Amino acid sequence: MNIVKNILLYTCISSIFVLHPGLNKGNNFITELQYLVYGNSLELLTNSEINTNKLSIVWQSVEENSEVIIYRLGEEINKIPSATGEQKLVVYYNNRIIGKIDHYKSTKNQAHKYLLSINSKSDAVFFKGEVIGPSAFKSPATTTLPLASL
């Protein structure tokens with residue numbers, strides 16, 4: 001019985017180390033395993049002045065010339081696809097582009113977290129985006145648009 005407990009303990013400890021995001025690099029077994037566990041995730045942060053029913057987020061692949069609607073009418077309807085090459089996450093508010101994240105992914109199955117912040121203050125909409133993972137990207141500046149034009 002002690003042997004079984006030790007095996008389970010070592011398996012759990014090993015899993016924690018193997019699934020550490022710092023090992024999510026390259027194209028290997030650990031990267032594939034992390035992608036299966038974490039996948040690509042979207043985190044959308046808004047304040048109370050943003051009507052999430054007016055938001056839509058579209059993923060675009062430049063190489064494949066394709067797009068997938070990720071978020072629409074207040075809910076995530078598709079997961080962000082896993083593909084290599086140049087990609088974009090385009091954010092629309094009331095059918096107008098308020099921001100985008102350009103992103104190059106060198107390995108297909110790498111787990112990334114896409115963090116988007118959309119806020120409104122003083123009759124303006126502020127967009128900021130970041131990709132967290134091996135092919136990280138941070139928007140260089142916050143996009144600001146007048147709310148009245150949207």
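The values are calculated or read from the model by the stated rules, or taken from the named source; none is laboratory data. Being a predicted model, the structure only gives us computed values, none of them experimental. Quick reminder, even Gly has a Cβ in these numbers, built from the backbone with ideal geometry, and neighbours come from all protein chains shown.
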### Message
Looking only at the range 93-115, how many residues end up being of a type in the set (Val, Ile, Thr) and touching a Pro at 6+ places or on another chain (Cβ under 9 Å)?
### Response
1
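Looking only at the range 91-109, which residues are closer than 21 Å to residue 134 by Cα and of a type outside the set (S, T, N, Q)?
Within the range 91-109, the subset closer than 21 Å to residue 134 by Cα is 100-109.
Those that are closer than 21 Å to residue 134 by Cα and of a type outside the set (S, T, N, Q): 100, 101, 102, 103, 104, 105, 108.
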### Message
With in contact with a Leu (Cβ under 6 Å, 6 or more places away or on another chain) and over 22 Å from residue 138 (Cβ atoms) as the only criterion, which of 78, 94, 109 stands out?
### Response
94
### Query
Considering only residues of the range 15-27 that are exposed (fewer than 11 other Cβ atoms within 10 Å of the Cβ) and more than 20 Å from residue 115 (Cα to Cα), which is modelled with the lowest pLDDT?
17
### Filter result (polar (S, T, N, Q) and more than 13 Å from the chain's Cα centre (by Cα)) within the range 101-121
106, 107, 109, 119, 120
### Task
Being under 15 Å from residue 42 (Cα atoms) and free of Cβ contacts under 8 Å to residues at least 24 places away in the same chain is the filter; apply it to the range 55-102 and report the residue that is surrounded by the fewest Cβ atoms within 10 Å (Cβ to Cβ).
75
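Table: residues versus (1) small (Gly, Ala, Ser); (2) in a strand (DSSP E or B); (3) over 18 Å from residue 130 (Cα atoms).
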| residue | (1), (2), (3) |
| --- | --- |
| 57 | no, yes, no |
| 60 | no, yes, no |
| 64 | no, no, yes |
| 67 | no, yes, yes |
| 71 | no, yes, no |
| 79 | no, no, no |
| 82 | yes, no, no |
| 86 | no, yes, no |
| 89 | no, yes, no |
### Summary
Flagged in the range 97-122 as over 23 Å from residue 65 (Cβ atoms) and of a type outside the set (Ser, Thr, Tyr), in numbering order, are 98, 111, 113, 115, 116, 118, 119, 121
### Query
Within the range 28-41, can one find any residue that is farther than 19 Å from residue 134 by Cα and either at pLDDT below 85 or part of a loop (DSSP other than H, G, I, E, B) (or both)?
no
## Note on the structure
Reported set for the range 41-79 where residues are under 16 Å from residue 103 (Cα atoms), touching a Ser or Thr at 6+ places or on another chain (Cβ under 8 Å) and not polar (S, T, N, Q) is 63, 67
### Query
Inside the range 82-100, can you point out the residues that are small (Gly, Ala, Ser) and either over 17 Å from the mean Cα position of the chain (by Cα) or farther than 26 Å from residue 49 by Cβ (or both)?
82, 83, 85
